[in-house]
Amino acid sequence: QASPGLRTPRLPVWLCGLAGRHGVLFGTDSQLLSDWKRERVFHLHFYNGQARAAHLTIDTHSRPWEEDPGEGPSSSGKRRPPVEMAIRSKWAGASVSWNGTEPFF
């Protein structure tokens, strides 16, 4: 039987999978999913199990791609890592900073 902590985690956590690779995206702010005011600028951590980890800053009000409206977010010059697209499935249009880490996954 699964423990209550697995059924209802205290912190926001998502499992990510793409082309046979897996990772965990999680936050350390337990209020993130229950208080919409915390969704302005917040931090998430991403770990893929291969000694690679990243500290991501998510800004849901910054839209840097709007500087060039001629290109969409999926055009060749604007390709985003899959983990960013997963984040944007929850927070549409969010800006994701990898804080100096080269994007992976």
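The values are calculated or read from the model by the stated rules, or taken from the named source; none is laboratory data. None of the values given here were measured: they were computed from a predicted structure. Glycine also receives a Cβ, built like all others from the backbone with ideal geometry; neighbour counts cover every protein chain displayed. Just the protein is used for accessible areas: all its heavy atoms, side chains included, with ligands, DNA and RNA removed. Shrake-Rupley method; radii C 1.70, N 1.55, O 1.52, S 1.80 Å.
Can you pull the accessible area of THR8 for me, 1.4 Å probe, Å² to the nearest 10?
Rounded to the nearest 10, that gives 100 Å².
Simple spin-label model, 7 Å along Cα-to-Cβ: LEU11 to HIS45 in nm?
0.5
When only alpha-carbon atoms count, how far does segment 9-54 stretch along each of its three principal axes, as whole angstroms with the largest first?
Ordered largest first, segment 9-54 gives principal extents of 34, 17, 16 Å.
For ARG52 and LEU33, calculate 0.36 nm times their separation in residues minus their Cα-Cα distance, and state this gained length in nm to one decimal.
On the way: separation 19, 0.36 × 19 = 6.84 nm, distance 2.54 nm.
Residue separation times 0.36 nm, minus the Cα-Cα distance, leaves 4.3 nm.
How much net charge surrounds VAL96 when only other residues with a Cβ under 11 Å from its Cβ are counted (Lys, Arg +1; Asp, Glu -1)? List each step's numbers first, then the result.
On the way: positive: ARG80, ARG88; negative: ASP59, GLU84.
Result for the neighbourhood of VAL96: 0.
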